[in-house]
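Report on the following structure.
What follows is calculated from the coordinates using simple rules that are stated; it is not laboratory data. For clarity, every value in this text was computed on a predicted model and none was experimentally measured. Methodologically, a virtual Cβ is constructed for each residue, glycine included, from the backbone with ideal geometry; neighbour enumeration extends over all protein chains shown.
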Amino acid sequence: MLTRNSDNYTKKTVGFKIIKVVLGESTFTSMGDEWRRKRLAVQPSFHKSKIVNLAAIMTDCIEEMLTEWETLYDDGQTLQLTDAMMHVTLKVVVKALFSSALSDADIHAIATAFTPLLEATNRRVLLPIQFLHKLPLSNNKKYQGYIKTLDDIIYRIIKERKATDDKPLDLLQMLIDATDEATGLPLTDQELRNEAMTMFIAGHETTANAMCWLWTILSTQSEIRTKIEHEVDEVLGGRTPVAADFPNLPYCLKAFKETMRLYPPVPILPRHVEKDATLGQYHLKGGSDVLFSPYLLHRHPDFWDQPEVFDPHRFDEAAQRQRHTYAYIPFGGGPRICLGNNFALMEAVFIIAMTTQRFQLNLHANAKIDALIGLTTRPKYGVPVVLKRRQAAKKNLLTK
Ligand code: HEM
């Protein structure tokens, strides 16, 4: 379905139609030749060698978050991690796209429009009665209003960027410089807008949720947390990571991957079956929709020993080699695999490392933790954590 016969399993499902209202035609929503054209134009911007240029943008945003925690919270105070992670990952993706072109007011306006837009889109996908979305109801007007707020900012920045010789190393510039392989033409303003909106939507809640699950788990797994602390202290000391540090933080990466095994940010994915097909022992009728679930696959005892146990060593090279490649698909697979996977992994490792340098996060004693499986795998009741500064680690580093 994802690889050899992927053309037969399209995104012509109701859910994707609803998401298309926000994204338009983009790498996420398009199909066939239209998708291939877009993917070829956009993909080079997400190559590992290009993501390196975005490392400083990521660490700046994370640094701002941690400085805010240090300023606003005393040891022992409680922070709502879900809000903090949503905020920092949105800022990272917005700044990775537009770097310094955005004022604080723009970022605030984006966050204010974006949160309800995402909530409403989630609701629309879960209750896909499309004609309701077209009625002149106040909710629908608000929905269009959020999209317009975001459009106004995105189009304004595209226009400003095209009018200046200043070319920062951000995603927008890479997209503006990208050309269609077949025609040699650049992306139109509308195509640039659609890709930007796609990155907002695809690229922040996913990472934010996984980060929340990671700290929920570490809170009860002190041995694993200590290993992370040792790695971070040894590799970075007290300094801010740079792109070259990423490969030297393998345990942080494995812990993040293992988190996405147990709590894949996208738990279920839909496809539309174009023509009758046989998949393993199942006969699928053309015209029907199918769902496949990373969540179930990642906990399937045929592929994983003691699937409920959290163990980052499952991602040691030798262990990975022994496993079926498609037993683990947090980013999907085949030609439509997530375009932002390298971006997300680097961002996550930097959040883990920089937060660990300064804080230990412990679940609040009254925290109620449960997963809400919808479009994404969210912590249903949020993740309240108690902050504790890692003074000991800091002191050790100062005396090194
Ligand atoms: C932990 C974080 C992330 C997870 C778990 C994730 C997961 C996924 C999954 C499962 C798909 C495949 C959807 C399908 O086959 O129907 C996908 C596609 C996509 N993702 Fe991500 N994603 C993450 C982060 C990002 C980021 C940071 C960006 C961009 C900044 C991004 C951009 C995209 C795009 C453009 C596609 C569509 C690719 C295509 O169809 O050609 N994602 N993602």
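Here are a few things to note about the model shown:
- By the count of neighbouring beta-carbon atoms within 10 Å, fewest first, Thr188, Thr216, Thr71 end up ordered Thr71, Thr188, Thr216.
- Highest to lowest packing among 278-285, 229-236, 106-113, scored as the average C-beta count within 10 Å: 229-236, 106-113, 278-285
- Ascending count of other beta-carbon atoms within 10 Å, so fewest first, for Arg314, Arg299, Arg271: Arg299, Arg314, Arg271
- Spin-label pair Thr67-His324: with each label point 7 Å from Cα along the Cα-Cβ axis, the two points sit 4.9 nm from one another.
- Estimated [θ] at 222 nm from DSSP helical runs (n ≥ 4, -39500 (n - 2.57)) normalised by residues in the chain, nearest 500: -17000 deg cm²/dmol
- Across region 254-259, computed HN-Hα scalar couplings (Karplus, 6.51 cos²θ - 1.76 cosθ + 1.60, θ = phi - 60°) run 5, 5, 5, 4, 5, 4 Hz from first to last residue, x flagging Gly and Pro.
- For the peptides 131-138, 171-178, the ranking by mean Cβ contacts within 10 Å, running from highest to lowest, is 171-178, 131-138.
- Highest-fluctuation residue, Tyr381, Tyr263, Tyr328 considered, GNM on the chain with Cα pairs under 10 Å: Tyr381
- Of all aspartates and glutamates in the structure, those lying under 12 Å Cα to Cα from Lys388, and not within fewer than 8 positions of it along the same chain, are Glu70, Asp74, Asp75.
- Nearest-0.05 FRET efficiency for His300 and Leu137, computed from C-beta distance (R0 45 Å): 0.60
- Phi-based couplings in Hz for region 241-249 (Karplus 6.51, -1.76, 1.60; Gly and Pro marked x): x, 10, 3, 5, 7, 3, x, 8, 10
- Of the cross-linked pairs Lys20/Lys141; Lys12/Lys257; Lys50/Lys91, those separated by over 24 Å at the C-alpha level are Lys12/Lys257.
- Least to most buried among Met1, Met31 (fewest other Cβ within 10 Å first): Met31, Met1
- Using a Gaussian network model of the chain in which every pair of alpha carbons under 10 angstrom is joined by a spring, one finds that among Arg336, Arg261, Arg193 the greatest mean-square fluctuation is at Arg336.
- Distance between the pseudo-spin-label points of His364 and Asn5 (7 Å out from Cα toward the beta carbon): 5.0 nm.
- Hz values of 3J(HN,Hα) by residue in region 13-29 - Karplus curve (6.51, -1.76, 1.60), Gly and Pro given as x: 9, 4, x, 5, 4, 5, 5, 5, 4, 8, 8, x, 6, 8, 4, 6, 9
- Multiplying the residue separation of Gln80 and Arg239 by 0.36 nm and subtracting their alpha-carbon distance yields 54.6 nm.
- Unit charges at the beta carbon, dipole of region 6-399: most positive-side option, Ala178, Ala111, Asn8: Asn8
- Measuring r between the beta carbons of Asp104 and Asp276 and using R0 = 56 Å, the FRET efficiency lands at 0.55.
- Distance from region 196-217 to region 16-89 (C-alpha centre basis), Å: 7 Å
- Gain upon complete extension [Ala163, Gln144; 0.36 nm per residue less C-alpha separation]: 4.0 nm
- Along its three principal directions, the equivalent ellipsoid of the chain from the Cα gyration tensor extends over semi-axes of 33, 27, 22 Å, largest first.
- Less than 5 angstrom separates the built amide H of Leu279 from those of Leu284, all sequence-distant by 5 or more or on a different chain.
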